[in-house]
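Structure first, then comments.
The values are calculated or read from the model by the stated rules, or taken from the named source; none is laboratory data. Model, not experiment: these values are computed from the prediction. Don't worry about glycine lacking a Cβ; one is built from the backbone with ideal geometry, like all the others, and counts go over all protein chains shown.
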Amino acid sequence: MNRLLDKPFQSFSIYALIILVCSIPVYYFVVDTIWLDELDEHNTIIRQQIEQNIRKIDTQESDLDKTLNIWNSLQPGIAFTPLQTSEIYKDSIYTATSYNKFAKETDRFRVLSTTIFIQKKPYHLVISTNVEETDETLLVVAIITAFFFLVLVLGFVFLNKRIARNSWKPFYRTLEQLKRFDLNKDQHIELEESDILEFEELNTALTTLIEKNTLAFNQQKRFIENASHELQTPLAILKTKADVLLQNEHLNEKLSAIIAAINSNLARISRINKNMLLLAKIENNQFPEKANTNLKEAVEETVDSLTDYGLNKGMDIRMDLQSYPLYCNSTLLEVLLNNLLTNAIRHGEVNQPVLISMKDNKLIFSNRGKQALKPEQLFVRFAISSSETTNSGLGLSISKEICDQNRWKISYTFIDHFHVFSIEF
Amino acid sequence: MKILIIEDEHELAQDMADYLSGQDYLCEIAADFNQASNKIIFYEYDCILLDLMLPFGNGLQLLELLKAEKRMDGVIIISAKNALEDKIKGLQIGADDYLAKPFHLSELTARIYSVIRRKQFDNSNIVTHEELTVDLLSKTVTVGSNLVPLTKKEFDLLLLFLGNKNKVISRNALAEHLSGDIADMLDNHDFVYAHVKNLKKKLTGAGCTNYLKTVYGTGYKWEL
């Protein structure tokens, strides 16, 4: 994955490279043209000066030729050649190359070829000035361009880091906060202010979103809590009505069985209701008191209260425990242990033992079963099929919630026909 | 014995009153905070059943009132909230017991029975019933001069029956009485049967008349 800032950096660098590479021939062309232009001007000026100065000199024709010969041999850039009147040259400007014996290289020259008259006699004047070679100019322009490209890229890297550090800081802070945000924990989120419009808009949008979600979440939790409370009174009335009905003097076997069925279903509703309320309370952190307890004692208490229930199904509860100190809410620990043990007894095979063992910081409940449960659905509310009529569908969700709150890890495996629930404390 | 039922839900209050009347209790009903405070100020009761959420006021304020008047009435809080704070607060202010809705009438009666016993027989705490003598403090039961060795659960069941004479009690109610909150979690209450059977066997074995009857396989009754 690329960082957002690296994206424009790459593009900018490539763009700069293309522009700079394109600029090399342009620079070369411009520099060369200016150069040639300048040299042409220079050559013209020299010609004018020669013309002017030579007029001032008053010499004999024979002396003149001698002087010009000396000139020609001493001054390499300027050459006079006497002309016949018939072969007068027109002015011309061109570039020529010639081999330089001394530098052992080919030099480039800008040449002005013209005809001047000295004492009415035509002379062919060739003024040639050394020009920088094409490849040399090109090379220098390319080196300079490469240098500036390097400077540009280094500048980009530096600026990129600076922008990232300063301007993007609020963004990364926001990101960090969002990562840590947990709807369940009822936290307030404080996003850092930014002087960048987009970040400020992002923060405003996020704050609104989070507030709305938190509100909806809290309303939902409160709704569940209120609904459960509201259900308690009609449930209480139904339960007492069933009790009153049981006292009826015309009670017969059939009626008695119906009342028993009503009672067991009422018990089921109140179980679901109580569990919903309990779950809402746990999620609302309404069990904040913590105390030092011992896991071994807590397990023994739970086993004690459920031995009857197990014996009724021919189940022997076998324990292999060590003392393990815990700092937690004792009510929640009790609920957790009760849930796991009743589950083991309820779903275990008749006349088979239920085992509770401890290994280091792990508490393990295992009971015999026919086939593995679906682990992905196990801890989801009401996800377990309702064919098991006595199930509230909430027991394991509650267990999971309790474990999550205490940062314990609950897991399920199916080994050798045994359902195994283990909690790492 | 006089009982004040402070409950705004009329149906519930009436059923409680009807059930308790059959147990030789004289019941009065107060449907809101004002009625309740009037009755409390002018009359004394052996036991007050107090709902916390009332029209025109909170039940805990009535508890404070009773405490301020240094009254000895037994108080059982009956609440739909089942919130631990309310329970602790109520018991601290001076309530004798706390019962969460929904509950079985037999459970309520057993609680009332126990509260009234505690209030009345501070020192001896002995309940006699025909040839049966129950010592609530030492938790022992004797038939004539024979000591009946009961387990804790059997003893609890016996108290429930003694508090609900001539009433049919469902197996469900017995299970809730024995296991408390856990009873809700259990898928069947058959284990109660074993305890009732053992209790019956031990009592008759010690020479007690068999008062404990099974009613159509689903309930039990302490019949006189």
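Does A:Lys281 satisfy the criteria of being within 51 Å of the chain's Cα centre (by Cα) and part of a helix (DSSP H, G or I)? Give the derivation first.
On the way: within 51 Å of the chain's Cα centre (by Cα): yes; part of a helix (DSSP H, G or I): yes.
Here the answer is yes, as A:Lys281 does meet what is asked.
Among (1) away from every other protein chain (no Cβ under 14 Å); (2) over 12 Å from the mean Cα position of the chain (by Cα), there is one condition B:Arg117 misses while meeting the rest; what is its number?
The failed condition is (2).
Report yes if A:Ile34 is at pLDDT 90 or above and exposed (fewer than 12 other Cβ atoms within 10 Å of the Cβ), otherwise no.
yes
Answer yes if at least one residue in segment A:202-224 is closer than 20 Å to B:Glu176 by Cα, touching a residue at least 24 places away in the same chain (Cβ under 8 Å) and surrounded by 17 or more Cβ atoms within 10 Å (Cβ to Cβ), and no otherwise.
Looking for residues that are closer than 20 Å to B:Glu176 by Cα, touching a residue at least 24 places away in the same chain (Cβ under 8 Å) and surrounded by 17 or more Cβ atoms within 10 Å (Cβ to Cβ), one finds none in segment A:202-224, hence no.
Counting only residues that are among the basic types (Lys, Arg) and in contact (Cβ under 8 Å) with a residue 24 or more places away in the chain, which one in segment B:77-91 is nearest to B:Pro102 (Cα to Cα)?
Looking only at segment B:77-91, we keep the residues that are among the basic types (Lys, Arg), and these are B:81, B:87, B:89.
In the following step, the residues that additionally are in contact (Cβ under 8 Å) with a residue 24 or more places away in the chain were identified as B:81, B:89.
Details: B:Lys81: 10, B:Lys89: 20 Å.
Only one residue tops the list, namely B:Lys81.
Quick check on segment A:273-297: of everything there that is within 11 Å of chain B (Cβ to nearest Cβ) and surrounded by 18 or more Cβ atoms within 10 Å (Cβ to Cβ), which residue is farthest from A:Ser228 (Cα to Cα)?
Selected residue: A:Phe287.
Any idea how many residues of segment A:200-255 are touching a His at 6+ places or on another chain (Cβ under 9 Å), facing another protein chain (nearest Cβ under 9 Å) and over 19 Å from A:Lys274 (Cα atoms)?
Residues that pass the stated criteria total 2.
Any idea which of B:Leu160, B:Leu174, B:Leu199 is within 23 Å of A:Gly310 (Cα to Cα), within 19 Å of the chain's Cα centre (by Cα), modelled with pLDDT of 90 or more and of a type in the set (A, V, I, L, M)?
Of B:Leu160, B:Leu174, B:Leu199, the one residue that is within 23 Å of A:Gly310 (Cα to Cα), within 19 Å of the chain's Cα centre (by Cα), modelled with pLDDT of 90 or more and of a type in the set (A, V, I, L, M) is B:Leu174.
For segment A:171-195, give me each residue that is over 26 Å from A:Glu283 (Cβ atoms) and either exposed (fewer than 13 other Cβ atoms within 10 Å of the Cβ) or in contact with a Phe, Trp or Tyr (Cβ under 8 Å, 6 or more places away or on another chain) (or both).
Within segment A:171-195, A:Phe171, A:Tyr172, A:Thr174, A:Leu175, A:Glu193, A:Ser194, A:Asp195 meet the criteria.
I want to confirm something. Restricting to segment B:76-122 and keeping residues that are among the charged types (D, E, K, R) and part of a loop (DSSP other than H, G, I, E, B), which single residue is surrounded by the most Cβ atoms within 10 Å (Cβ to Cβ)?
B:Lys101
A:Asp243 fails exactly one of the following numbered conditions: (1) surrounded by 21 or more Cβ atoms within 10 Å (Cβ to Cβ); (2) in contact (Cβ under 8 Å) with a residue 60 or more places away in the chain. What is the number of that condition?
Going through (1) surrounded by 21 or more Cβ atoms within 10 Å (Cβ to Cβ); (2) in contact (Cβ under 8 Å) with a residue 60 or more places away in the chain one by one, A:Asp243 breaks only (2).
Which condition breaks for B:Lys167 when tested against (1) facing chain A (nearest Cβ under 8 Å); (2) without any contact (Cβ under 8 Å) to a residue 60 or more places away in the chain; (3) crowded, with 20+ Cβ neighbours inside 10 Å?
The failed condition is (2).
Take the residues of segment B:38-59 that are in a helix (DSSP H, G or I) and crowded, with 19+ Cβ neighbours inside 10 Å: which is modelled with the lowest pLDDT?
Only one residue fits best here, namely B:Gly59.
I'd like to know if segment B:123-133 contains one or more residues that are of a type outside the set (Asp, Glu), more than 14 Å from every other protein chain (Cβ to nearest Cβ), within 20 Å of B:Val215 (Cβ to Cβ) and buried (at least 19 other Cβ atoms within 10 Å of the Cβ).
no
What residue, of B:Val134, B:Val141, is under 17 Å from the mean Cα position of the chain (by Cα) and not in a helix (DSSP H, G or I)?
B:Val134
Are any residues in segment A:306-331 among the polar types (S, T, N, Q) and buried (at least 18 other Cβ atoms within 10 Å of the Cβ), and if so, which ones?
A:Asn312, A:Asn329
Which condition number in (1) among the aromatic types (Phe, Trp, Tyr); (2) more than 14 Å from every other protein chain (Cβ to nearest Cβ); (3) within 30 Å of A:Glu230 (Cβ to Cβ) is the one that A:Tyr324 fails?
If we test A:Tyr324 against (1) among the aromatic types (Phe, Trp, Tyr); (2) more than 14 Å from every other protein chain (Cβ to nearest Cβ); (3) within 30 Å of A:Glu230 (Cβ to Cβ), just (3) comes out false.
Being touching a residue at least 24 places away in the same chain (Cβ under 8 Å), within 28 Å of B:Gly22 (Cβ to Cβ), away from chain A (no Cβ under 14 Å) and not hydrophobic (A, V, I, L, M, F, W, C): is that true of B:Glu107 here?
So B:Glu107 does not fit the description; no.
Within segment B:178-224, take every residue that is facing another protein chain (nearest Cβ under 7 Å) and assigned to a loop (DSSP other than H, G, I, E, B) and give me the one that is farthest from B:Val143 (Cα to Cα).
B:Asp187
Where in segment A:308-425 are there strands (runs of 3 or more DSSP E), lying fully within it, with 2 or more residues that are among the hydrophobic types (A, V, I, L, M, F, W, C) and within 25 Å of B:His189 (Cβ to Cβ)?
Details: elements: A:317-320, A:325-328, A:354-359, A:362-368, A:409-415, A:418-424.
Answer list for segment A:308-425: A:317-320, A:354-359.
Mind checking which residues of segment A:260-306 are touching a strand residue (DSSP E or B) at 6+ places or on another chain (Cβ under 6 Å) and either more than 18 Å from A:Ile402 (Cβ to Cβ) or hydroxyl-bearing (Ser, Thr, Tyr) (or both)?
Scanning segment A:260-306 gives A:Asn263, A:Thr293, A:Val303.
Consider segment A:398-417. How many of its residues are within 20 Å of A:Val299 (Cα to Cα) and more than 32 Å from the chain's Cα centre (by Cα)?
Qualifying residue count for the region: 4.
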